[in-house]
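Written below as structure tokens is the structure these notes are about.
The values are calculated or read from the model by the stated rules, or taken from the named source; none is laboratory data. Everything quoted here is computed from the prediction, not taken from an experiment. Heads up, the Cβs are rebuilt from the backbone with ideal geometry, glycines too, and the neighbour counts pull from every protein chain shown. Areas reflect the complete protein model, heavy atoms only, side chains present, ligands, DNA and RNA absent. Shrake-Rupley method; radii C 1.70, N 1.55, O 1.52, S 1.80 Å.
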Amino acid sequence: MIAWLDTSSDEQRRVRELIALFTQSESRDELGIGQVRDAFSDLLFLGTSVIQTRARYFLFVPWIFRDGARRGRSGPQLKAWADRQERRLIEALRDTGQVEGLIGRRAGPAVKNLPSAIYWSGLFRYGILTRDVAPDQLQGARPSPDAEADEMTVRSVGDWDPTLPVAPAGYPGTVDGGFDLTSQESMWLRDRILTAAPDTLLTHLLTRDEPPDPDSVASWDDSACADAPDPARGIHDHARLFSLGMHGAALLYNLLVGERYERAGYTRIPEPVGEFHGRLDDWADACDDAAAQLRTWDRNAMWDLVTRVNPRISPSARLFVDTWLDAVTTGNAAAVAMNDQLRHLVAGREQAQKKAQSRLTNDRLLRTWSGESGSAALTYRWPVVRRIVTDIHEGLTRDAGA
């Protein structure tokens, strides 16, 4: 059981996201490189997380809390009231027929992770929430001494950006437009992001004329990212090479699990060893195609970037990454499956990270293996970012009154 005690809002956000991340395929961190992955994600796409879904939640959440503050609520009372309104919002969004990206699509109002828990850090990082406090620490709006105070006066008092657009009539019982941002909302949200995250790949995507490709799997496969200016392009190149290089370690780990799975006589997953040998061959081909870039990759510059974002990256994580990448960048990608030193490196790293929960030692977890664990290449929240950026682009072309 998790006790919140007096933790900061950022610490509470990290715990909530950690709980939700267990269901995200990219975010399973079997080899303990999540600190580096998250640093790159923040450098490229500040304010996002893999459990966000749609852009209009950046307005849905503050609209609810601002309304509660206007009604005189604050602290835990405001948080409890907002929880109830967020659950009403789920039903209202269902009624619009828009379910793509709906938080609570399956569980409905009984969902555990409400939008505020998922978007809170991003709201602060974009300056929409003006103070780094947890939802149950908000003080609410101070009542104006002027009973005839106009709307802007009321909006300027409290924890939220005073320029926050007005919520649609009837919100959150009804949601005019569903997840569709109006042009005014899109311009406002884009301006908040451009101010908070200048010179990032995220702002490049928001200032282009066209949205990202709808089917791109990773940012480096998307034409929208091809013409990014420095420094965003340089960071993106580091992130791409890190993803390519470390993907082999994830595949080798799964090969090791598959070998143990087959030796134990389990058959529910058909031929995992052959599957991961094939995927390692494909990865080695990709490394061969990028061999010149891998050889000239300035990894000291990479570490300078990521440790600036997170200076607490553990020495053991850095040693593991460097040892693995030393092998990959010197042309040994094709032989990793048979390299005893690299097999021991990956196995030892997983066991040090997972301890009693290691699939390489725990027979119960081996028996329930799904066939892959943390095997996806790192894409740094790209599917979420692509959807949010597309929402904003679509809103910018929508009539102001829509």
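Here's the yes/no breakdown for (1) modelled with pLDDT of 65 or more; (2) charged (D, E, K, R); (3) in contact with an Asp or Glu (Cβ under 8 Å, 6 or more places away or on another chain):
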| position | (1), (2), (3) |
| --- | --- |
| 103 | yes, no, no |
| 109 | yes, no, yes |
| 114 | yes, no, yes |
| 141 | no, no, no |
| 150 | no, yes, no |
| 156 | no, no, no |
Conditions (1) surrounded by fewer than 16 Cβ atoms within 10 Å (Cβ to Cβ); (2) part of a helix (DSSP H, G or I): number failed by residue 347: (1)
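For region 242-279, which positions are of a type in the set (A, V, I, L, M, F, W, C) and open to solvent by 10 Å² or more (accessible area, probe 1.4 Å)?
Result: 244, 250, 256, 264, 269, 273.
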Residue check for residue 192: within 25 Å of residue 93 (Cβ to Cβ), open to solvent by less than 80 Å² (accessible area, probe 1.4 Å) and at pLDDT below 95: no
Flag for residue 41 being in contact with a helix residue (DSSP H, G or I) (Cβ under 8 Å, 6 or more places away or on another chain) and either modelled with pLDDT of 95 or more or more than 30 Å from residue 234 (Cβ to Cβ) (or both): no
Positions within region 249-308 being under 23 Å from residue 40 (Cα atoms), of a type in the set (Gly, Ala, Ser) and not in a helix (DSSP H, G or I), in sequence order: 290
Residue match in region 32-44 (condition: touching a Gly at 6+ places or on another chain (Cβ under 9 Å) and open to solvent by 10 Å² or more (accessible area, probe 1.4 Å)): no
Qualifying residue in region 318-333 (condition: open to solvent by less than 30 Å² (accessible area, probe 1.4 Å) and outside any helix (DSSP H, G or I)): no
Qualifying residue in region 373-388 (condition: touching a residue at least 24 places away in the same chain (Cβ under 8 Å) and over 30 Å from residue 123 (Cα atoms)): yes
Filter result (open to solvent by less than 10 Å² (accessible area, probe 1.4 Å) and of a type in the set (A, V, I, L, M)) within region 68-101: 78, 82, 89, 90, 92, 93
Any chance residue 222 is of a type in the set (Asp, Glu), under 21 Å from residue 381 (Cα atoms) and modelled with pLDDT under 95: no
Complete set of residues in region 350-380 that are open to solvent by 20 Å² or more (accessible area, probe 1.4 Å) and in a helix (DSSP H, G or I): 351, 352, 353, 354, 355, 356, 357, 363, 364, 365, 367
Some residue of region 320-337 being of a type in the set (S, T, N, Q) and in contact (Cβ under 8 Å) with a residue 60 or more places away in the chain: yes
Matching residues in region 206-233 - criterion: being closer than 25 Å to residue 303 by Cα, part of a helix (DSSP H, G or I) and in contact (Cβ under 8 Å) with a residue 40 or more places away in the chain: 219, 232
